[in-house]
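Working notes for the structure below.
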């Protein structure tokens, strides 16, 4: 059985610093601006290292948000974003997820700092709650062509074990294809990504 190694505060700080310094060039100004917004919103929000990303927590509120860096975008994830009113319409993904909401950025100019600070301040005031258990796992209808492709690749079970949000986004991506050729390409790409263990991003 694998043993979980608990990192010391110094080791966590080292990983967090490395996360930001090794981020792609496009992502660094975005991350810098988001870190400034988090610090301005609530100085009690402090990062810890979880799931390969910095997660900002506050005593009494628990996990508030995290920053995720991807190849072409940076995500600011609000762990209890579903409880926040999206007053300014800035949440971009996970809009039907049970708990989390995400704002996706591809450049620093997209960050409206006052809006982000406002959302962060509201999120930091929420009481920690257990993530709602999704009852919709069996309710996502997988298109037959996608289901067959996953089954042929022996990846259907792996797909069904994914978090609700990722399955929903994959299905939506396939369903939104306007042309049959595009749909087939997206199905092939979905199967490839599931085989590689990749979430939708």
Notebook entry, point to check: If you check 126, 109, 76, which single one turns out to be modelled with pLDDT of 85 or more, surrounded by fewer than 13 Cβ atoms within 10 Å (Cβ to Cβ) and closer than 30 Å to residue 44 by Cβ?
Noted result: 109
Margin query: So, in segment 153-170, exactly how many residues are in a helix (DSSP H, G or I), in contact with a helix residue (DSSP H, G or I) (Cβ under 7 Å, 6 or more places away or on another chain) and without any contact (Cβ under 8 Å) to a residue 60 or more places away in the chain?
Written below: 5
Next item on the list: Please work out which one of (1) exposed (fewer than 14 other Cβ atoms within 10 Å of the Cβ); (2) within 14 Å of the chain's Cα centre (by Cα); (3) free of Cβ contacts under 8 Å to residues at least 40 places away in the same chain is the condition residue 92 fails and give its number.
Entry: (1)
Note to self: Can you tell me how many residues within segment 176-197 are surrounded by 12 or more Cβ atoms within 10 Å (Cβ to Cβ) and either touching a strand residue (DSSP E or B) at 6+ places or on another chain (Cβ under 8 Å) or in a loop (DSSP other than H, G, I, E, B) (or both)?
What the structure shows: 1
Checklist line | Residues within segment 37-54 that are crowded, with 20+ Cβ neighbours inside 10 Å and without any contact (Cβ under 8 Å) to a residue 40 or more places away in the chain, tallied | finding: 2
Check: So how many residues does segment 9-31 have that are farther than 15 Å from residue 52 by Cα, crowded, with 16+ Cβ neighbours inside 10 Å and free of Cβ contacts under 8 Å to residues at least 40 places away in the same chain?
Finding: 1
Note to self: When you check residue 34 against the structure, is it buried (at least 18 other Cβ atoms within 10 Å of the Cβ), touching a strand residue (DSSP E or B) at 6+ places or on another chain (Cβ under 7 Å) and closer than 27 Å to residue 106 by Cβ, yes or no?
What the structure shows: yes
Notebook entry, point to check: Can you find a residue in segment 88-95 that is at pLDDT below 90, outside the structural domain of residue 164 (by TED's automatic domain parsing) and on the phi > 0 side of the Ramachandran plot?
Noted result: yes
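The values are calculated or read from the model by the stated rules, or taken from the named source; none is laboratory data. Predicted model, so just to flag it, every value in this text is computed and none were measured. For neighbour counting, all protein chains shown are included, and Cβ atoms are generated from backbone atoms with ideal geometry for every residue, glycine included.
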